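Below is one structure, written out as structure tokens; comments come after it.
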Amino acid sequence: MSVRTGEETKNWFRSDRIMHVNEHWFFVTRENTQEGPFNTRQEAENELLLYIRHVNDELYQQAQGSN
């Protein structure tokens, strides 16, 4: 990722949004909400994908409404 002139190089980190707590699985959103519990990691990953799709669909619809 490029930085603006005069700014220091920044390191970007990705973190795993999936957590395992007390035998249950959760995912954390960018809005810092914790979603779950889910019975398996796969279920949490699937729900995360659906969540992201839903948020992206809402953003797309909002953008189309502003035209």
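Coordinate-derived values only; no laboratory data. Fair warning: this is a prediction, and the values are worked out from it, not measured in the lab. Heads up, the Cβs are rebuilt from the backbone with ideal geometry, glycines too, and the neighbour counts pull from every protein chain shown.
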In nm, spacing of pseudo-spin labels at Glu58 and Val21 (7 Å Cα→C-beta vector): 2.1 nm
Simple label model, 7 Å out from Cα along Cβ direction - Thr9 to Asn46, nm: 4.2 nm
Mean separation of Cα contacts under 8 Å (6+ apart) over length of the range 18-65, as relative contact order %: 26 percent
Cleavage-rule hits (GluC sites (Glu not before Pro)) in the range 25-67: DSSP loop, at most 10 neighbouring Cβ within 10 angstrom: Glu31
